[in-house]
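Note sheet for the following structure.
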Amino acid sequence: MRLFDVYQLLGITPVSASGCTIRDDKGISYLDLYGGHAVISIGHSHPWYIERITSQLKKLAFYSNSVQNPLQEELADKLGSMCGYPGFQLFLCNSGAEANENAIKLASFATGRKKFIAFSRGFHGRTSAAVALTDNPNIIAPVNRTENALILPFNDQEAVREAFSGHEIAGIIVEGIQGIGGIQLPAPGFLKTLQGFCRENGAMLILDEIQSGYGRTGKFFAHQYDGVVPDIITMAKGMGNGFPIGGLLISPDIKPRRGMLGTTFGGNHLACAAALAVLEIMEKENLIENALQTGNDLMNRLNERNDRFAVRGRGLMTGIEFPDPVGGIRSRLIYDSHIFTGISGTNTLRLLPPLCLTKEEAARFADSLFEIL
Ligand SMILES: Cc1ncc(COP(=O)(O)O)c(C=O)c1O
């Protein structure tokens, strides 16, 4: 049997990894500035992460959500206090798309409405409602097209005002910082304005923090830079450091009803052990502060010697936009300098390294980039 050929592969076969370093089957080491699409948060192969998961595996890997699971409660407490939303409710699932799918469904249940606003260049996943609210016609199948999805220009508050005056809106979904769209920050005040429209009109503000959350930007969630309190926050990626887990933080004003949401695998014992290990390591090693400091240091280094590109981002979520396509630079970074980076569109390098990246590792990237340029 052959694999269904949908991925653009780099031609590299990683076999082991630790911290921010990946090793391939030929013994070459790569500096990981991409974290496998923003997934690796505490670094590869952290000993406490391995210990937490293996000891749970020996006790109980899985039982369904029909029984008490104290690990879920522990995770809710720890997450609530670390992220600054202790009064919110937690629902666990398995991935980012699933978190958004549930958030959209929940907002529709809570308001009794069906129209949602999303934004140009936004990405929310590949399940039905999430993909309908993603601004990429190439990945929306005919069955997912719906007039309930209003895609408006990002950062255009007048367009949002108009949409509210013409439609009954259930909610708005917006990324804390657009990731796949090229590390695009919300304009100052934009998220606040969205919150205002939602509050005035009885709609739900859903913050997709799947890429921008979990400490990557130097705060637990990127929207915390904008001083807003969403109704629903979605998370995944960095939450399990590679172990599949996603979740929704839900305002205490949204009341649960039995059967409203549900999942077989979501919040299983092993996934909770992984997510708890991630939070424990983030706290103990002060990784959110490290993301802020190392990210600022990297940004300064890049700006100091630069006259060819524009740098955007917060903490360790960084976009480096060039006037021309950047594929050649990225290839040289990967194959000559042995540094993994991502790409957004054609012109932007996208960096999403583990939060434990050191200033020396960040400097190695900056030096390699300038050498290539
Ligand atoms: C902002 C955002 N939302 C949702 C998703 C979908 O997450 P998943 O691939 O885990 O379904 C992604 C994935 O890249 C993302 O970046």
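Quick rundown of the values:
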item: Proximal charge balance of Ala17 [Cβ under 15 Å; K/R count +1, D/E count -1]; result: -2
item: Within a Gaussian network of the chain (alpha carbon springs, distance under 10 Å), most fluctuating of Ser81, Ser251, Ser337; result: Ser81
item: Reachable lysines, given that their alpha-carbon falls under 25 Å from the alpha-carbon of Lys359 and they are not under 8 places away in the same chain; result: Lys219, Lys237, Lys284
item: Sum of -39500 (n - 2.57) over DSSP H runs of 4+, divided by residues of the chain (222 nm, nearest 500); result: -11000 deg cm²/dmol
item: Mean Cβ neighbour count within 10 Å, used as a protection proxy, ranking 212-224, 308-320, 184-196 highest first; result: 212-224, 308-320, 184-196
item: All lysines inside 24 Å of Lys58 as judged from Cα atoms, apart from same-chain residues fewer than 8 positions distant; result: Lys78
item: Among 129-135, 154-160, the order from most to least packed when residues are scored by Cβ within 10 Å on average; result: 129-135, 154-160
item: Dipole-positive endmost among Phe116, Phe62, Gly182 within region 48-284 (Cβ charges, Cα centre); result: Phe62
item: Ranked list, fewest to most other Cβ atoms within 10 Å of each Cβ, for Lys58, Lys114, Lys359; result: Lys58, Lys359, Lys114
item: DSSP bridge orientation in region 48-284 - percent antiparallel, rounded to nearest 5; result: 40 percent
item: For Arg258, Arg126, order by how many other beta-carbon atoms lie within 10 Å, fewest first; result: Arg258, Arg126
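Every number here is computed from the coordinates shown, using simple stated rules; none is lab data. Being a predicted model, the structure only gives us computed values, none of them experimental. FYI the Cβ positions are ideal-geometry reconstructions off the backbone, even for glycines, and counts take in every protein chain you see.
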